[in-house]
Each structure stands twice: as C-alpha cells, then as structure tokens.
Amino acid sequence: MRADEQPNFSPDGAIAWIGSLDKRLSDPRAAAFSTTGPGAAAMMACGGFGLGYVRLLADGSLLMIPGIQPKAELFDASGEPELAWDTAALGIDGRY
C-alpha cells in the first residue's frame, strides 16, 4: 500500500503494482486502480481482510484478483492487460 508525503493513502487510486524482480522492484507501475477512485476507500474499509490474490504463471503472465473489486485480470509477461472477467461470473463477490 502506498501513500504520498501528507500521508494520503493511494492519492491516484492505485491499489496494485507490477515491477521487475531483477530490478528489485525499483520500477513499479500501477496495474489496477480502485473503483472508488483516489484514496481507495474500498481498500481502506477492508484493511483487516485478505485483499486479493495474484498467481504467477509459467509463461511469465499473471492473474490478479483484487478482493475488493468486481474484476479479475490477466496480464501478459510484459505487464500489459490481456483479459478481464467480472468476478461475479466466477462466483466471487468482490464488490465494495
């Protein structure tokens, strides 16, 4: 979780980041943004719960399922989004 200098949590609404392990995660970039916008109110309300899952796949792609949003996403090995699913269709209630 990130904050700015004030400290305002998630000032741009980012809730998940992708970075390079070979660069020791010094190059993070936002991969998912809160549906509640800057401040990520949904995440702040659920801080004591499991907030989601990421599965790294053999081809370098990854599947991300934020526990607080109604969407699962597949990213390719370069971190670009490829597919998205409504989690309700998967039987997961991720709505805030």
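The values are calculated or read from the model by the stated rules, or taken from the named source; none is laboratory data. Just so it is clear, the structure is predicted and the values come from calculations on it, not from any experiment. Heads up, the Cβs are rebuilt from the backbone with ideal geometry, glycines too, and the neighbour counts pull from every protein chain shown.
Miscellaneous remarks
- Among all residues of region 62-70, there is none that is polar (S, T, N, Q), modelled with pLDDT of 85 or more and not in a strand (DSSP E or B).
- Every condition in (1) of a type in the set (Lys, Arg); (2) under 25 Å from Pro11 (Cα atoms); (3) loosely packed, with under 12 Cβ neighbours inside 10 Å is met by Arg55 except one, and the failing one is (2).
- Some residue of region 38-48 being surrounded by 11 or more Cβ atoms within 10 Å (Cβ to Cβ), modelled with pLDDT of 85 or more and closer than 20 Å to Ala3 by Cα: yes
- Counting only residues that are surrounded by fewer than 15 Cβ atoms within 10 Å (Cβ to Cβ) and out of contact with any strand residue (DSSP E or B) (no Cβ under 7 Å at 6 or more places or on another chain), region 20-37 holds 9 of them.
- All of (1) modelled with pLDDT of 80 or more; (2) part of a loop (DSSP other than H, G, I, E, B); (3) surrounded by 12 or more Cβ atoms within 10 Å (Cβ to Cβ) hold for Trp17 with one exception: (2).
- Within region 49-61, if we keep just the residues that are under 14 Å from the mean Cα position of the chain (by Cα) and at pLDDT 85 or above, the residue that is nearest to Ala31 (Cα to Cα) turns out to be Val54.
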